[in-house]
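Read the structure below first, then the notes.
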Amino acid sequence: MAKLIAFLVVATLLSLIVAKIWQRLGRQRREAFIESYPYRKFLDQRLTARRPELSPAQREQVFSGLRDYFHLCSTAGRRMVAMPSQVVDDAWHEFILFTRQYDQFCRHAFGHFLHHTPAEAMPSPTAASSGIKRAWRLACAREGIDPRRPQRLPRLFAMDAALLISGGFIYQLIAWPPAAMAQSVPASAPAT
């Protein structure tokens, strides 16, 4: 009986190890797929028509931003990640119009279809707020930025301002606490 229990424990542990390795390999495969996908092939002409003010180099930045966003979605699993860039959202809209390619991309990249849900259609304002906070944390982690004390904005959050996108989402870093507040000394503090 003791041998049977020992065998079951070992078998269970081995199964867990194999499952973890399989999960890690699947994540690596999905990340590599997202990284190497030929976004320009499907989207360059459509994005040029939608945003004619963008140069080829700027459109390439947008495709890099779309790649970043898809990596964030992959990392988040099935949790919603808000889109922090209008111009990257424009590229995503154009990609969705290639319905078969987009569906196939989603199945390979995420294992499920990634729906596009506008902020207005969120179940609550809290869901939209949670989504942008999640995007911030994941984008900062991806770029090695401290999300609580950032020295710069992640690419997705800086894109619209950098490309001067009309109607874009503009973010700014605000030092906290403000310098005046950080240096103030309470009036009741003893002089040194």
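Say R0 is 25 Å: what FRET efficiency, to the nearest 0.05, do R148 and E31 get from their beta-carbon distance? That gives a FRET efficiency of 0.45. The C-alpha radius of gyration of the stretch 37-173, expressed as a fraction of 2.2 N^0.38 Å, stands at 1.01.
Residues S85, S124, ranked from the fewest to the most other C-beta atoms within 10 Å, line up as S124, S85.
Can you tell me the relative contact order of the stretch 37-173? Whole percent, Cα pairs under 8 Å, sequence separation 6 or more. Reported relative contact order: 28 percent.
Of R155, R78, the sequence from fewest to most neighbouring Cβ atoms within 10 angstrom is R78, R155. Placing a label point 7 Å from the Cα of H93 along the Cα-to-Cβ direction, the residues of the stretch 48-67 whose backbone N falls under 19 Å from that point are 48-55, 59-67. Neighbours of A109 by Cβ distance under 15 Å: Lys/Arg scored +1, Asp/Glu scored -1, total +3.
Ordered by the count of other Cβ atoms within 10 Å of each Cβ, fewest first, E53, E60, E120, E94 give E120, E53, E60, E94.
No value in this document is a laboratory result; all are computed from the given coordinates. What you see is a predicted model, and the numbers here were worked out from it, not measured in a lab. FYI the Cβ positions are ideal-geometry reconstructions off the backbone, even for glycines, and counts take in every protein chain you see.
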